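The structure appears right after this line, and notes come after that.
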Amino acid sequence: MSLIQINEVTKIYDGTAVPVKGLNEINLEIESGEFTAIVGPSGSGKTTLLNIVGGLDTPTSGSVVIDNVDLSTYKPDELVNFRLHHIGFVFQAYNLIPVFTAKENVEFIMLLQGLNKTDREKRAIELLEAVGLGDRVNNKPSELSGGQQQRIAVARALASKPSFVLADEPTANLDSATADSLLDLMENLNEDFNMTFVFSTHDQRVIDRAHRVITLHDGAVEKDELKIRLSKNN
Amino acid sequence: MLLSLAWRNIWRNKRRSLIIIAAIAVGLLCGLFTSAIMFGMGESLINSTIDRDLGHIQIHTKTFEDDKLLTDTIPSSIKILSEIKSQPNVTGASSRLIIEGMISSATSSGGVRVTGIQPQDEMKVTTVHNNIVAGKYFSDNIPNQILLGYKLAENLGLKEKSKVVLSFQGLDGSIIYGAFRVTGIFRTESTMFDRSTVFIKESDILSLLASQPIFHEIVVRLNSYQKVDSLYTNLTKSYDDLSVKSWKELAPELKLMDEMIGLQLSIFMGVILFALLFGITNTMLMSVLERVREFGVLMAIGMKRKKVFWMIILETITLAIVGGIVGMILAIITITYFGFAGINLSAFAAGLSEWGLGTILYPVLPVTFYLSITVMILLTAIFSAIYPAIKAIKLKPATAIRTF
Ligand SMILES: Nc1ncnc2c1ncn2[C@@H]1O[C@H](COP(=O)(O)OP(=O)(O)OP(=O)(O)O)[C@@H](O)[C@H]1O
Ligand SMILES: [Mg+2]
């Protein structure tokens, strides 16, 4: 079974004057260990798809099955809990709590999970070292560059030991060199820990780094290319 | 960590938080100080009444208060007096003989309450001896001395050493006349009292009445009014055939006033806090709206709505507590300072003395009042936080994160 199964997912936004079709009968399977980019022009439905896969939004029809569980079977509070334990999130910007230091930001999600202080601190520091910020643990986000902030967000996403990480345009606010090194980091984490990454982007350089590229257009899958096969150990 | 988050979130917008903290602090300072002045007035009215003639506890026969009959005397009063004097916390007990009578000077006359006292005992119970403005208090071996209020002296055209005649009904119903010489004129906070009361020595009345020692009233004074209740219970038990009354019963209007002040001030503080409620709500609402994206991210990564709700309540409570502590400290300093220094109200003194108040006012605030204010502030904070908190948890993470 795949890690993520997307079956006939349609999303219609009907809060607006004219209902908008955000997604149109999407079918996708994503395996554990993938390093996959969702691409497409603005308005093609990337964010909508990631939100639905991440349990932040519900499809109008169709289903999302993660680790063999249909997300629609969860009650709202269970869904929060599911996100907390199974999904790591990285957003485009404003990921972090501004009044917390890098370490506290990473710790916070583990606090929500109920880990004790010693374990939290140890893991937070390990992760910040892994994302190359071992020397900035006590800095607040405002004292760090955009790229460093996104690295903290990645560290936080991993802190909860999720099944996969969803990143909606994680490099959109970064210059290309910084974007490149964030991609390096994510790719390394993918290889070293077999962590699944699904990220959206419309930056061609970032697209080139993905192992699989799913192209959306007007809410439908236009193209699905596998560039690098999953390593055998999966 | 949540507490530290709340604390740091408050200081994100320093100016806004400081403004609301200042508003809470100033509101509280004004409210508490006004309350302290009111309580101070109340207390001073009560104390001056107790000091002037009420004492803390009075004993009469059960029927005396209704008819004020000269013959309605306390049986074995001398024994009772000495028993009471030996009770713990009792600083003084004095027996009194009370007769409604007439006082006449060369020019005029009027009705008065003649109070026969034992000068030494009375000094331990009330403060008439401290309020002499002309002449002096009773001397031991001079008979037929009389003390009267300055207002009565004015009305009758009397001065120190003037002669007056007192007349009242004797034990057998006949009218008795006695000539007295003014030894001193007193002036208390109450003009009413100064117009209607005269003191003479018990021994002088007894010899005019040609009677054995008889008393109508025993007045008891304790070292603190807080001890009144326990002695009161003892005395009611020991002397169940007599009427034992505490100052609260003797002057029910004082007790009522005491309670009314407490009630009025609670309402007054409630109004202040109610006004602050809107200010706090507004501040928290702005703070929540500024952080829509942040709440979106927090809820997306797995923070439960309940936790977000409590985080906002906690922030509001912290804000209110900071303002509350600042306000209370300022209030305690101000009240303590004026509590010692007093506030000079001599500009309004004429009116105040009609009410039995002195010209220097000492604000006081009971500890229980501070406690109830603390509770009220916390409740205000929680109420103010509810609307912003509901706003925050109504956010959908997906839409909140989209909002720039
Ligand atoms: N909350 C909403 N209400 C109404 N329409 C929406 C809402 N969110 C998205 N849409 C619409 O759904 C479609 C897909 O939007 P989506 O944000 O998923 O695109 P995207 O590929 O992420 O675009 P971008 O590259 O600009 O981020 C768009 O037409 C958009 O206008
Ligand atoms: Mg998008």
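For the reader, a short list of remarks on this structure follows.
- Annotation note: Cβ proximity below 8 Å between a residue of the range B:2-17 that is more than 21 Å from residue A:112 (Cα to Cα) and more than 10 Å from every other protein chain (Cβ to nearest Cβ) and a residue that is in a helix (DSSP H, G or I) and hydroxyl-bearing (Ser, Thr, Tyr) (sequence gap 6+ or interchain) occurs for B:13/B:287; B:16/B:283; B:16/B:287; B:17/B:283.
Quick grid of which residues meet (1) at pLDDT 90 or above; (2) within 14 Å of another protein chain (Cβ to nearest Cβ); (3) surrounded by 14 or more Cβ atoms within 10 Å (Cβ to Cβ):
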residue: B:346; (1), (2), (3): no, no, no
residue: B:350; (1), (2), (3): no, no, no
residue: B:354; (1), (2), (3): no, no, no
residue: B:358; (1), (2), (3): no, no, yes
residue: B:365; (1), (2), (3): no, no, yes
residue: B:368; (1), (2), (3): no, no, no
residue: B:383; (1), (2), (3): yes, no, yes
residue: B:390; (1), (2), (3): yes, no, no
residue: B:394; (1), (2), (3): yes, yes, no
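- Within the range B:289-310, none of the residues are in contact with a Leu (Cβ under 9 Å, 6 or more places away or on another chain), under 18 Å from residue B:4 (Cα atoms) and away from chain A (no Cβ under 14 Å).
- Some residue of the range B:40-62 being open to solvent by 40 Å² or more (accessible area, probe 1.4 Å) and out of contact with any helix residue (DSSP H, G or I) (no Cβ under 9 Å at 6 or more places or on another chain): yes
- Which numbered condition residue A:104 misses (of (1) open to solvent by 50 Å² or more (accessible area, probe 1.4 Å); (2) away from ligand 1 (no atom under 16 Å from the Cβ); (3) at the interface with chain B (Cβ under 8 Å from one of its Cβ atoms)): (1)
- Helices (runs of 4 or more DSSP H) completely within the range A:116-234 that count 1 or more residues being surrounded by fewer than 18 Cβ atoms within 10 Å (Cβ to Cβ) and within 16 Å of ligand 1 (Cβ to nearest atom): A:204-209
- Checking each residue in the range B:228-248 for being in contact (Cβ under 8 Å) with a residue 40 or more places away in the chain and crowded, with 16+ Cβ neighbours inside 10 Å picks out B:228, B:231, B:232, B:235, B:239, B:242, B:243, B:244, B:245, B:246, B:247.
- Within the range A:65-85, the set of residues being in contact (Cβ under 8 Å) with a residue 40 or more places away in the chain and open to solvent by 50 Å² or more (accessible area, probe 1.4 Å) comprises A:67, A:68, A:85.
- Within the set A:62, A:88, A:132, A:55, the sole residue that is more than 11 Å from every other protein chain (Cβ to nearest Cβ), within 22 Å of residue A:196 (Cα to Cα) and touching a residue at least 24 places away in the same chain (Cβ under 8 Å) turns out to be A:132.
- Extreme residue, nearest to ligand 2 (Cβ to nearest atom), among residues of the range A:28-43 that are over 16 Å from residue A:225 (Cβ atoms) and away from chain B (no Cβ under 14 Å): A:41
The values are calculated or read from the model by the stated rules, or taken from the named source; none is laboratory data. The structure displayed is predicted, hence computed values, not measured ones. Note: ideal-geometry Cβ built from the backbone for every residue, glycine included; neighbour counts use all protein chains shown. These accessible areas exclude ligands, DNA and RNA; they are computed on the full protein's heavy atoms, side chains included. Shrake-Rupley method; radii C 1.70, N 1.55, O 1.52, S 1.80 Å.
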